[in-house]
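First the structure, in the form of C-alpha cells, and then the observations on it.
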Amino acid sequence: MILKKHLITASLAAALSMPVVGQAESVKIGFVTTLTTPAGVIGEDMKNAVNLAVEHLGGKMAGKDIEVMFEDDGFKPEIGKQKTDKLVKRDDVDFVAGFIWSHVLLASSKTVLDAGKFLISSNAGPSQLAGKGCNKNFFSTSWQNDQTPMAMGEVLNQQGVKSVYIIAPNYAAGKNMVAGVERAFKGKIAGKDMTKWGKDKQLDFSAELAKAKASGADGLFIFYPGSAGGAFIKQYQQAGLRDSLPLYSVFTVDSISLPKLQAAKIDGVVGSKSTMFWAPDLDNAANKKFVADFKAKHGTYPSFYAAQSYDSIMLINSALKATGGNLDNQDAIRAAMEKADFDSVRGRYSYGKNHMPIQNFYLREVVADADGNWTTKVVRTVFKNHQDSYVDQCKL
Amino acid sequence: MDWHLLISQLLNGLQLGLLLFLLASGLSLIFGIMDFINLAHGSFYMVGAFVGATVVSLTGSLIIAVVVTMIAMLILGVLVDILIARKLYGQDHLDQVLVTFGLILVFDTLAHIIWGSAGATIPLPDVLNGQIEIATFVMPTYRLLIIVCGLLVALGSYFLVTRSRLGMLIRAGASNRNMVTALGVNIDRLYLIVFAIGAAMAGFAGLLIAPITEASIGMGNEIIIIAFVVVIVGGIGSVKGAFYGAILIGFIDTLGRSYLDDLLKLFLSNQSAETAAPALSAMLVYILMVVVLVFKPEGLFPPSGFNKK
C-alpha cells in the first residue's frame, strides 16, 4: 500500500516536472483556429499546413523542439479569448498564431499583446490592428482585410464594369471587404446587402439574389468564406444569374469550396474571377514543395488559409534562426521577423511599419487541372508590392 | 414598384415558410400533446440532410434518397421516443430541456464522427439546377419544387389531422391530454406515432434544403429557434397554427431582408440604414412573437377547447 502511494507520488512528480524540462528546450506556439462547427473544415486545413511546416522543419527550430498547441475557438469571439487566455497564462507559450475570424482576433489580441507575447495572424486582417491599434508584437502572414477586395475593385475598373451589387456577411471582416472594394471601384454601387453571420449564419440567399438581379447591376461582388461560399454559389447558379450577372469574389472560391462545388456539378463557378495574394500554381520553389507535399498527404490542394498558416510557422522559424534560438531577447526576434527573411510560399515580401505584408495581388480564374480537378490559376498581377491603407494611422 | 421582385420575394418567403412548417408542425404536436420540449428536433433536420446526402452519393437518385431518408427518420424517431423521450413525458420542463440539449450535442458529435466537419452536398440533376420561366418571370426550378413538396405535405397533414381517426386522437390529445388517457386510448402508441412522424417531417425538411445550402453540423440548431417562434405564434399543439405561423414568419423574414433597408433609407441616412437594416430584420420575427404574446398569449390558432391543463 505504502509502496503504491510512493509510486503514485513519484509518477506525479515526474509528470509535473516534465513541462518545466520541456520549456527550456522547446519553442511553444499556440494556434487558435476553428475546429468545430461547419467552419471547422477551414481550421483542419490550417492545422494540416502547420503540421506540414513542422514536418518540413524536422520538428525543430534552431535546435529547439517545436511544440504546437491547437485550440478551437468554436467560431465565437468569447471562446477564442478564453482559449487565448489559457495559452498565454497557463501554457505560457512564446507565440500565439492562427485566427481565421477578425472578430475573434480582435477579442483575443489584447491578452497576447498585454502579456508581451508575439501574436501572428494567419488569416484575419482587421483594419483596427493595421491602423490605430497596431502593436510592435503583432505580425500578419496574410493581408489587411481591405487589400484583396481593393484588388478586385481595380479588376472591375479594368474590365469596364459600370455598376456592381455587393453581398457580404455582417461582421468586422465583411465590412472591411465592402470598404475595400468601394474604395477602389470607380463605378456605381447598385445595391448592398449585409447578411447575418456567426454560428447561426444565414445560408439561404434567395431574397438577396432576387434583389441583385432586379438591381440591373453589371456584376456581383461577394465575400463568403468557408462553407457559406459553396452555398452562395450554388444558389447563384440555380437562380440562373451566371450569364446576366458575372460573379467577382474574394475569399470565397478556394480549395475548400471548389471540390464540393464540383461534386454538386455547379459549373457556373468555372471561369469566375477572384483576387488573392497567392495561388496554388504560383511559381516558386517553396510553393511547389508546399503544394506538392500537401496534396500528397491530404489529396486536395491547400487553401490560402493553409498557405498563410504554413508561412506563420516559417516566419517564426526565420526569427529563431536569426537569434540562434534565443527566446529571451524579444527585440532581436522582432527585428528578425520584421525582415521577413524566409522563402514564403507567395514569394518574397516585406513588412510595413504596422507589420502587415507588402505584397503582390493576383487575379485568379477557376480552371480544371490536368486531372480534371477544379482549381485556381493566376491570370495576371493586379497590384505589385501593395501596402494597406491604414498604415499611416499606425504610430509605431 | 418592381412587381417581378415582389413576386419572387413572396415566393421566397413562401418557400422558407413551408420549410419552417415541416419543422414546426412536428415540434408543435410534440409540445402540445406530450407537453414535451424537444430541443433536439433540429437534430432530426440535420440527420435527414446527412442521410439524404449519403444516399444520393451512393445511388445517385434523389427519389431513392427521399424514401430511404423517410424510413430512416421514422426509425430514428421511434428509437429516440422509446429510449429517451418516453422517460421524460410528464417530467419537469427543465429536465426535458437538459436532456434534449444533451441530445443535440450527441447528434452533432456523431455527425462530426460519421460525416466529418466538411459537411455534405446533394448534387441536383440538371433539370432541377435550372430555372422555370413563366412569361418574363424566372424562378429557380428547385425552389419551386420545395414549394410544391411543402404544400403537398401540408395538404397531407391537413387531411391526416382533420379526416382520420389518428388525427382525431391527435386533436383530442392536444386539447385535453388527461381526458384522452381517461377514455382508454393507448397513449404510448399515440405518442410514438406523433414523435416518429414529427422526426420524419423534420428530416424531410433537412433533405429539401440540403441541395440549396448543404448538410452541415449544427444546421438544425440555427433553424429550431425560429421553429419554436412559429409554434408560439401559431399556438402550441395546432397544426393549422403551425402552418399559418410558419408562412407568416417566412414572409416577414424574407420581406424584411428585402425591403427594410429601402424603407429605413426614407428617414435615416444611407450609412445608418445599411447598418440598422440587417440587425432589425433579424429581430423582426421576435418582435412579432412579442406582439402575439401580448395580444393573444395562446397563439393565433390554438387547438379548439384549449385550456392550460
With respect to residue A:343, determine if the residue is closer than 16 Å to residue A:121 by Cα, touching a residue at least 12 places away in the same chain (Cβ under 8 Å) and of a type in the set (Asp, Glu). no
Would you check which residues across region B:94-114 are within 21 Å of the chain's Cα centre (by Cα) and touching a residue at least 40 places away in the same chain (Cβ under 8 Å) and list them? B:96, B:97, B:100, B:101, B:103, B:104, B:107, B:108, B:111
Number of the exception - residue A:216 against (1) part of a loop (DSSP other than H, G, I, E, B); (2) closer than 27 Å to residue B:128 by Cβ: (2)
Of the residues B:238, B:258, B:216, which is of a type in the set (Gly, Ala, Ser), buried (at least 24 other Cβ atoms within 10 Å of the Cβ) and under 16 Å from the mean Cα position of the chain (by Cα)? B:238
Tell me which residues, restricted to region A:372-396, are closer than 19 Å to residue A:143 by Cα, hydroxyl-bearing (Ser, Thr, Tyr) and in contact with a Phe, Trp or Tyr (Cβ under 6 Å, 6 or more places away or on another chain). A:381
Please verify whether region B:241-257 includes one or more residues that are modelled with pLDDT under 90 and more than 30 Å from residue B:69 (Cα to Cα). yes
From the list A:346, A:380, which residue is buried (at least 22 other Cβ atoms within 10 Å of the Cβ) and among the basic types (Lys, Arg)? A:346
Sole miss for residue B:101 among (1) in contact with a His (Cβ under 7 Å, 6 or more places away or on another chain); (2) more than 14 Å from chain A (Cβ to nearest Cβ) is condition (1)
Would you confirm, using the coordinates I've provided, whether residue A:302 is assigned by TED's automatic domain parsing to the domain that holds residue A:122 and crowded, with 16+ Cβ neighbours inside 10 Å? yes
Among residues of region B:114-136 being β-branched (Val, Ile, Thr) and over 14 Å from residue B:62 (Cβ atoms), the residue modelled with the highest pLDDT is B:114
Go through region A:34-53 residue by residue and tally those that are away from chain B (no Cβ under 12 Å) and on the phi > 0 side of the Ramachandran plot. 0
Right, residue B:153: away from every other protein chain (no Cβ under 11 Å) and under 30 Å from residue B:303 (Cβ atoms) or not? yes
Leading residue by the ranking (farthest from residue A:153 (Cα to Cα)) among those in region A:265-283 that are surrounded by fewer than 24 Cβ atoms within 10 Å (Cβ to Cβ) and facing chain B (nearest Cβ under 10 Å): A:265
Any idea which of (1) charged (D, E, K, R); (2) within 14 Å of chain A (Cβ to nearest Cβ); (3) more than 30 Å from residue A:242 (Cα to Cα) is the one residue B:126 doesn't satisfy? (3)
If you scan region A:125-149, which residues turn out to be surrounded by fewer than 24 Cβ atoms within 10 Å (Cβ to Cβ), of a type in the set (Gly, Ala, Ser) and assigned to a loop (DSSP other than H, G, I, E, B)? A:131, A:133
Within region B:8-20, does at least one residue satisfy the condition of being assigned to a helix (DSSP H, G or I) and over 19 Å from the mean Cα position of the chain (by Cα)? yes
Going residue by residue through region A:239-255, is there one that turns out to be in a helix (DSSP H, G or I), surrounded by 20 or more Cβ atoms within 10 Å (Cβ to Cβ) and either of a type outside the set (Val, Ile, Thr) or facing chain B (nearest Cβ under 8 Å) (or both)? no
Members of region A:367-383 that are under 16 Å from residue A:282 (Cβ atoms) and either touching a residue at least 12 places away in the same chain (Cβ under 8 Å) or touching a helix residue (DSSP H, G or I) at 6+ places or on another chain (Cβ under 7 Å) (or both): A:367, A:375, A:376, A:377, A:378, A:379, A:380, A:381, A:382, A:383
Specify the residue that is surrounded by the fewest Cβ atoms within 10 Å (Cβ to Cβ); the eligible residues are those in region B:219-235 that are within 14 Å of chain A (Cβ to nearest Cβ) and not hydrophobic (A, V, I, L, M, F, W, C). B:222
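For region A:112-170, which positions are among the hydroxyl-bearing types (Ser, Thr, Tyr) and either under 19 Å from residue A:253 (Cα atoms) or in contact with a strand residue (DSSP E or B) (Cβ under 7 Å, 6 or more places away or on another chain) (or both)?
A:121, A:122, A:140, A:141, A:142, A:148, A:163, A:165
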Tell me, which residue of region B:263-302 that is away from chain A (no Cβ under 14 Å) and within 19 Å of the chain's Cα centre (by Cα) is surrounded by the most Cβ atoms within 10 Å (Cβ to Cβ)? B:299
State whether one or more residues within region A:35-54 are at pLDDT below 95, within 23 Å of residue A:88 (Cβ to Cβ), out of contact with any Ser or Thr (no Cβ under 9 Å at 6 or more places or on another chain) and among the hydroxyl-bearing types (Ser, Thr, Tyr). no
Looking at (1) more than 22 Å from residue B:225 (Cα to Cα); (2) more than 9 Å from chain A (Cβ to nearest Cβ); (3) among the aliphatic types (A, V, I, L, M); (4) touching a residue at least 40 places away in the same chain (Cβ under 8 Å), can you tell me which one residue B:80 breaks? (1)
Among (1) outside any loop (DSSP other than H, G, I, E, B); (2) away from chain A (no Cβ under 14 Å); (3) surrounded by 14 or more Cβ atoms within 10 Å (Cβ to Cβ), the one test that residue B:57 misses: (2)
Just checking, does region B:38-49 include any residue being touching a strand residue (DSSP E or B) at 6+ places or on another chain (Cβ under 6 Å) and either under 27 Å from residue B:152 (Cα atoms) or within 14 Å of another protein chain (Cβ to nearest Cβ) (or both)? yes
Conditions (1) among the aliphatic types (A, V, I, L, M); (2) surrounded by fewer than 17 Cβ atoms within 10 Å (Cβ to Cβ); (3) within 16 Å of residue B:22 (Cα to Cα) -> residue B:210 fails only (2)
How many residues of region A:299-337 are in contact (Cβ under 8 Å) with a residue 40 or more places away in the chain and over 18 Å from the mean Cα position of the chain (by Cα)? The answer is 11
If you take the residues in region A:169-196 that are assigned to a loop (DSSP other than H, G, I, E, B) and within 9 Å of chain B (Cβ to nearest Cβ), which one is surrounded by the fewest Cβ atoms within 10 Å (Cβ to Cβ)? A:196
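The values are calculated or read from the model by the stated rules, or taken from the named source; none is laboratory data. It should be emphasised that the depicted structure is a prediction, and the values quoted were computed from it without experimental measurement. Virtual Cβ from ideal backbone geometry, glycine too; neighbours counted across all protein chains shown.
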